[in-house]
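To start, the structure under review is shown below, and the notes come after it.
Every number here is computed from the coordinates shown, using simple stated rules; none is lab data. Keep in mind the model is a prediction, meaning the values are calculated, not measured. Every residue, glycine as well, gets a Cβ built from its backbone with ideal geometry; the counts of neighbours run over all protein chains shown.
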Amino acid sequence: MARSWDVFCVVVDNFGDVGVTWRLARQLAGEHGQRVRLWIDDLAAFARLCPEADPRARRQWREGVEIRRWDEPWRAVEPADVVIEAFACQLPAAYLEAMARRESAPLWLNLEYLSAEDWVGGCHALPSPQANGLAKFFFFPGFVPGTGGLLREGPLLDERRAFQADPAARRAFLGGLGIPWNPDERLISLFAYEQPALGDWLRPLVEDVRPTRLLVPEGRVLASLGAWLGDPGLRAGDCRVRGRLSVQVLPFVRQDDFDRLLWCCDLNAVRGEDSFVRAQWAGRPLLWHIYPQEQQAHLDKLEAFLERYCAGLAPDLAAGLRGVWLAWNQGGAPGAAWPALLEGLPALREHAERWCVALARQDDLARQLLAFAAARR
């Protein structure tokens, strides 16, 4: 049964928040026939992900989703059947009042940040009584049964495997981004936060026997990369060569093309939440730059994920992967673990595919949201 949904997004980390909510809104509308309004406070960020969007429009439709500018002061609307506040953003006071007046109370959900920590399962789907008389439910994405699952479109994995099995499709896609096709060249994508020790990570690639092409979408890590190269003005289209390492800066691409970029690479360095999940669906080895939090709280989340992800890996590979991830997230030099990890990429690829298959056994986030809403009507 089709319901109306209001999804609210405050853009905090450039593209992570809006990336998650845009994917979710598209899937609810496109795959499940729901009526979705996506409220965004920064349409300029949204337009980077959806180039057809008008960053000045107060109201527009894109891919079956009604996109609304989250204005101040708030313009009164009738609340939807299901209301999602993404990542604990605060709903407008007038909208909260309208929710309480609605004849049929809306289902109110706080879509939380992703975590592999054990406590998530105990808190998932718990209600919290609110001052306006309604209950708000906490909905936690996660990696195991008892959580809300992960964003995953229905045909995604079949499309990914077909693409990876077709060299012509990969060659055409990379060529469209100006990336030369060389089967002997290692491809690494780099989408990360600032990384002060980046030179320590790149020097082994400069001196390696095998050539590497580093593909760097526009983003925050360009400042660190430019400092290492002595070229602070790096921009899309630039290519620099240092020994056996070619560094290529890519333009910002729409989400579907970012997925394909991940599918093409031998190793994906990703950041935040949205690209982190997409890298897991790519079935390729990954390196996660987790969003830093006060008092190093993010390192607990990192360790919790590593505990799950490394299960089943050979002990030497697991230890090396853990060392590389921790060094990357603490801004340190990688030491000998980094060249060893590069040598172990074939085994890590097999592990990444097994991990992807295991994750896909649980229902995806959109389906779980729909089931939760259906159970409360």
Review point. Going highest first, how would you order 138-145, 127-134 by mean Cβ packing within 10 Å?
Key: 138-145, 127-134
Review point. Which net charge results for the neighbourhood of A366, defined as the other residues with beta-carbon distances under 13 angstrom from its beta-carbon, given Lys and Arg at +1 and Asp and Glu at -1?
Key: +1
Check your understanding: How big, on average over all directions, is the shadow cast by the Cα convex hull of segment 130-240, in nm²?
Key -> 12.5
Study note, to complete from the structure: Using alpha-carbon coordinates alone, the radius of gyration and Dmax of segment 156-359 in Å work out to 16.0, 48
Point to revise | Local net charge near R48, Cβ-Cβ under 12 Å (Lys/Arg +1, Asp/Glu -1) | key: -2
Revision key, fill the gap. Segment 249-273 scanned against label point 7 Å out from L345 along Cα→C-beta; backbone N under 12 Å for 264-269
Revision key, fill the gap. Normalised per residue, the volume inside the convex hull of the alpha-carbon atoms of segment 1-128 in Å³ amounts to 122
Exercise for review: Calculate how steeply helix 315-329 sits against the longest principal axis of the alpha-carbon atoms of the chain, using the helix alpha-carbon long axis, and give the answer as 0 to 90 degrees to the nearest 10.
Suggested key: 70
Check your understanding: Could you state the principal axis extents of the C-alpha atoms in segment 251-377, from the largest down, to the nearest angstrom?
Key -> 56, 36, 36
Practice item. Can you quote the Å³ per residue value for the convex hull of the Cα atoms in segment 59-118, rounded to an integer? Key: 128
Check your understanding: How big is the gap, in Å, between the Cα center of segment 24-50 and the Cα center of segment 205-249?
Key -> 33
Practice item. Grab the beta carbon distance between A227 and L326, set R0 = 22 Å, and tell me the FRET efficiency rounded to 0.05. Key: 0.45
Exercise for review: Rounding to the nearest 20 debye, state how big the charge dipole of segment 146-199 is about its Cα centre with +1 on each Lys and Arg Cβ and -1 on each Asp and Glu Cβ.
Suggested key: 80
Check your understanding: Using every alpha carbon pair in the chain, what percent of pairs falls into each 20 Å bin from 0 up to the bin containing the largest distance?
Key -> 27, 56, 16, 0
**Study point:** C-alpha center-to-center spacing [segment 287-328, segment 52-119] in angstrom
**Key:** 33
Revision key, fill the gap. Note, C310: beta-carbon cut-off 12 Å, +1 each Lys/Arg, -1 each Asp/Glu, net -1
Practice item. Only Lys, Arg, Asp and Glu count, each charged at its Cβ (+1, +1, -1, -1), so figure out the dipole size of the chain about its Cα centre, rounded to 20 debye. Key: 640
Review point. Working out 0.36 nm times the residue gap between E207 and V357, then minus their Cα-Cα distance, what length gain in nm do you get to one decimal?
Key: 50.5 nm
Review point. With each pseudo-label sitting 7 Å past Cα toward Cβ, what's the R254-L126 distance in nm, one decimal?
Key: 4.1
Study note, to complete from the structure: DSSP beta bridges in the chain: the antiparallel percent, rounded to 5, is 20
Point to revise | Leading residue at positive end of dipole, the chain (Cβ point charges), from L214, L234, W70 | key: W70
